[in-house]
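Computed from the coordinates by the stated procedures, all read-outs in this text should not be read as laboratory data. Not measured: the values here are computed from a predicted model. Please note: Cβ atoms are built from the backbone with ideal geometry, for glycine as well, and neighbour counts cover all protein chains shown.
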Amino acid sequence: MQDYIWLIPFFPLLGFLINGLLGKYLSEKVIGILGSAMVFLSFSTAVVLFFQLTQLDPENRLFINTLYTWMATGSFSADVAFRFDALSAVMVLVVTGVGFLIHVYSIGYMHGDRGFARFFSFLNLFTFAMLLLVLGNNFLIMFLGWEGVGLCSYLLIGFWYENPEYAYAGNKAFIVNRIGDFGFLIGIFMIFGYFGSLNFDTVLSAAGMQPEWVITTICLLLFVGATGKSAQIPLYVWLPDAMAGPTPVSALIHAATMVTAGVYMICRTSAMYVLSEVALSVVAIIGLLTALMAATIAITSKDIKKVLAYSTVSQLGYMFLAAGVGAFATAIFHLMTHAFFKALMFLAAGSVMHALSNETNIDKMGGLKNKIGTTYRTFWVGGLAISGILPFAGFFSKDEILWKAFSSPFGSTVFWAVGTLIAGLTAFYMWRMIYTVFYGESRVDKEVALHIHESPKVMTVPLIVLAALSTVGGLVNIPHYFPMFEHFLDPVFMKYINPAAFEASHGSFGLELTFAAISLVVAFTGIWLAKVMYVQRRELPDKIASSVKGLYTLLFNKYYVDELYDKIIVKPFVKVSDAFFYAFFDVKIIDGIVNGSAKIMDSIAGVLRRSHSGVVQFYALSLVVGAIALFGYLIFG
Amino acid sequence: MLETVLFFALALLAVTAAIGMIVHRSPVYSVLMLIITLFSIAGFYVLLNAPFVAAVHMIVYAGAIIVLFLFVVMLLDLRHESDRFTLTKFSRVLAFIAFLVFLGEAILLVKVAFIDGGLDIGLGGQVSQLGDTPSIGKLLFTAYLLPFEIASVLLLVAIIGAVILAKQNLKPSQ
Amino acid sequence: MPIEYYLIVAAILFSIGVLGVLTRRNAIIVFLCIELMLNAVNLTLVAFSNHVQNLDGQVFVFFVMIVAAAEVAVGLALIVAIFRQKETVYVDEINLMKW
């Protein structure tokens, strides 16, 4: 069966080809079913493989499927090979499982769109690239998938490219990602330079033999890639703008799967990260800062999708915090639960927008609770899950992260305290949105209000499934009692590491329970505060905002980071481009070379043209000269 | 001995006639010079144990082709030419240099291949009865049957083509 | 006689043919020179046929002759046709094969 791993990425590729090439001849129904079915086939294959994997001993849980040698030059060779171990299995199941639900949802959401076939072919292409990323057995395949998902992200953000703002958002995402990819690529070059191979097993098992500064540099460069793809400081700015894409895209790419690629990559190369305390600390601190910053911005945002986007950035920060304290299994655990509840919330937000003729401003919503009941209830589940309320999925993963941030040998009390604060902020801003959207009086435009309707079944069923997953998804890993998920993943992370280094250095079971109680209290406080401010005393928010006007403006304008980047990077770059790269380099040198070579050709041709005189004897002479040359070769050659 | 004398006599005749052909002012004489060369070549064929080829050579070339040439020369009423060589001196010199180099290389190739023994050609199977009519006929109608038939088609096509090209009233303007 | 002698005579005849093709202006003479070159090649074929004691070379000569006959028929017809149009047989005055 392990020879069939290639089927997993193959199905979406097939779907992409069929929908991409023949899409305009097919009906919406065929396209939607085909696109979803391909992902479902991948999912089924992955499930079968997953159960086969669990049959093996924990240490030997690894399938490798080598298709062919991609390139072999000198000492370098790279195979097209897929790797299916516990980590890949989790990622593949999340990508295809959540991906399938989102595909189904899209059938309803994109109904009637001009680019229906294009949308599904891109979505399938994305799934293909993402599966390459998580299944690749070497850095090259991983990078291929990495670039592929970046491309699809660009294509789908700018899906409605007629709107220049959306197209701009697509460009922004692409360019910011390029910066990160650049670091990633340099990191891969360094890996090849020092290890002589790009194969995961070869590189990771040899990581201990390299000097620490090499490992640190490689890890930091890889992390630059991760900050780009996973929207961390300083490269997070593209993700909020990426909400320009259709909502299922936001759910699939910019919440559940692609943006977690950075977390996956760090976990995949965990054997290197644990060797460098500097790199781990950088990862943890950046993650924590990003989580804090994004959470504070989310408090003031008025756009339903932007709130979710900043929330995603914030949750990704949590994952990096977990990875940064060496709790890789926990990071992946949170990745999974986050995929469930964030996909759920995005899709529910999409359902809200669907009901309100694509309105995204939460000030123009309100009182929707009874009008779109299913959407409301699923959104509510998502809100509880992300706030970390027992027994929803988010509680287990988030609490695990906070505990590890404190107890791990790389952790500290500060990590825990800030993390808990962010958990409170998360609960607050998420419930602020829920209360604003679903409770209180309706502030919907009159015209829109006439058309409010619940979404069709094809959209609500995925919502319900995701809501169920968000409810019970956390139960796969209950610390001390039922840590199945960790036990499943740990062999992957501990393969090249001494597990003893990861034993909790301090803290006890009792303390853990106390911490869990504290975070629960903090979460409830956040929800209660939101309720007070946005349901019971609606004048409070404005009062608070005007009393700390400076802070509010700062947050509302997202810390002016976009403006800052614009001023110190984009503007000078544009200026230099205009003055030097365009006016001098492009016009004078590039155009000069192009036009010059054309001119040289023209003059040569002007001379050679004379040889076409029509005088047959001259042609015959040329023939004789050729014969002479041939004879000369025969005699002297 | 006789063979050697014959060979050199024929060679001298052939080369002289060939040179005469390309330098003579009158096209009619050039054609007649070619006949002499072709006769000498027929003599070579006889010396090379190929009497049948020699006979066919005479029939086809002297009997058909050369007569055709003479017809055309006379039909077009071509007399002595004043400028029989290419007009620019440069092209003449260039052509002569090409001629010398080409000839030199050809002879050098023969020297390298045979006199220095650089070329190794194995001997074929048939030794006796070379060049007589029955054995060539046998070969033509067995191993080379298909090319032989195709050649007849080629000739047919050539006949039709020649007729069409030469037909006066087939100008496109009319 | 050793084969080299025949080959050298053939080479000389061929080269003379080349020289004629390159220098003569009269298309008919150019044609004659081409015939001479073909015959030089035929001579080498027969010489080799004798040298290696194999009749195939002589059969080849037949085919060369057939092609030469066809070529002469068509070629002379062309020259006649061109002469009717242009009133000349000088190749440097017939420069239709220009760019």
Practice problem: Round to the nearest 10 and give me the degree value, 0 to 90, for the angle of helix A:139-157's Cα axis relative to the longest principal axis of chain A. | Solution: 70 degrees
Exercise. Mind pulling the angle between the C-alpha long axis of helix A:413-438 and the longest principal axis of chain A? Nearest 10 degrees, somewhere in 0 to 90.
Key: 80 degrees
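Apply the membrane-span-like helix rule to chain B: whole DSSP H runs, Cα extent along the own long axis of at least 18 Å, mean Kyte-Doolittle hydropathy at least 1.0. List the helices found. Can you show the working numbers first?
On the way: long enough: B:2-23 (32 Å, 2.35); B:27-47 (30 Å, 2.08); B:89-110 (32 Å, 2.00); B:145-166 (32 Å, 2.60).
Sorted by number, the helices that extend far enough and score high enough are B:2-23, B:27-47, B:89-110, B:145-166.
Within 13 Å, Cβ to Cβ, of A:GLU454, how many net charges do the neighbouring residues add up to if Lys/Arg are +1 and Asp/Glu are -1? Kindly include the intermediate steps, with their values, before the conclusion.
Values: positive: A:LYS369, A:LYS371, A:ARG377, A:LYS457; negative: none.
Local net charge: +4.
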Quiz prompt | Listed residues B:VAL153, B:VAL163, B:VAL112, most fluctuating in chain B (Gaussian network, C-alpha, under 10 Å) | solution = B:VAL163
Practice problem: Grab the other residues whose beta carbon is less than 12 angstrom from that of A:GLY367, score K and R as +1, D and E as -1, and report the net. | Solution: +3
Quiz item: Excluding same-chain residues fewer than 8 positions from C:LYS86, which lysines have a Cα within less than 29 Å of its Cα?
Solution: B:LYS89, B:LYS167, B:LYS171, C:LYS98
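What number results when the radius of gyration of region A:402-551, computed over Cα atoms, is divided by 2.2 N^0.38 Å? Display every interim value, and only then the final one.
Details: Rg = 21.3 Å, N = 150, 2.2 N^0.38 = 14.8 Å.
Output field value: 1.44.
Grab the DSSP H runs of chain C that are 4 residues or longer, score each as -39,500 (n - 2.57), total them, divide by all residues and round the 222 nm result to the nearest 500 deg cm²/dmol. Let's see the in-between values first.
Numbers: 3 runs with 77 residues, N = 99.
Helix-only estimate at 222 nm: -27500 deg cm²/dmol.
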Quiz item: Hey, what number do you get for chain A at 222 nm if only DSSP H runs of n ≥ 4 count, each worth -39500 (n - 2.57), divided across all residues, to the nearest 500?
Solution: -22500 deg cm²/dmol
Quiz prompt | For A:VAL283, C:VAL74, A:VAL576, order by how many other beta-carbon atoms lie within 10 Å, fewest first | solution = A:VAL576, C:VAL74, A:VAL283
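For B:41-48, what's the mean count of beta carbons from other chains sitting within 10 Å of each residue's beta carbon? Don't skip to the end; give the middle numbers.
Values: counts 9, 1, 0, 10, 8, 0, 5, 12.
Counting Cβ atoms of other protein chains within 10 Å of each residue's Cβ and averaging gives 6.
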Quiz item: Where does each of A:LYS172, A:LYS571 land when they are ranked from fewest to most other beta-carbon atoms within 10 angstrom?
Solution: A:LYS571, A:LYS172
Self-check item: Of A:VAL570, A:ALA627, A:ILE600, farthest towards positive along the dipole that unit charges on Lys, Arg, Asp, Glu beta carbons give region A:567-636
Solution: A:VAL570
Exercise. Kindly provide the pair-distance distribution of region A:212-310 built from C-alpha pairs, with 10 Å bins from 0 and whole-percent values in order of increasing distance.
Key: 16, 44, 28, 11, 1
Quiz item: Relative to the longest principal Cα axis of chain A, at what angle does helix A:116-135 sit, 0 to 90 degrees, rounded to 10?
Solution: 90 degrees
Quiz item: Summing +1 for each Lys or Arg and -1 for each Asp or Glu, what net charge is found among the other residues whose Cβ lies under 13 Å from the Cβ of A:HIS487?
Solution: -3
Quiz item: To the nearest Å, what is the center-to-center distance of region A:128-169 and region A:436-459, using C-alpha atoms only?
Solution: 33 Å
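Per the helix-only calculation at 222 nm, which mean residue ellipticity applies to chain B, given -39500 (n - 2.57) for every DSSP H run of n ≥ 4 and division by its residues, nearest 500 deg cm²/dmol? Let's see the in-between values first.
Details: 7 runs with 113 residues, N = 174.
Per the formula, -21500 deg cm²/dmol.
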Quiz item: Given springs between every Cα pair under 10 Å in a Gaussian network model of chain B, which of B:ASP132, B:ASP77, B:ASP116 has the largest fluctuation?
Solution: B:ASP116
Self-check item: Most fluctuating residue given options B:ILE22, B:ILE41, B:ILE164, as computed from a GNM of chain B linking Cα atoms under 10 Å
Solution: B:ILE164
Quiz item: Using unit Cβ charges (K, R positive; D, E negative) and no other charged atoms, how large, in debye to the nearest 20, is the dipole of chain B about its Cα centre?
Solution: 640 debye
Practice problem: Identify, among A:ILE527, A:LEU421, A:PHE482, the residue whose Cα sits farthest towards the positive end of the charge dipole of region A:397-532, taking +1 on the Cβ of Lys and Arg and -1 on the Cβ of Asp and Glu, with the dipole about the Cα centre. | Solution: A:ILE527
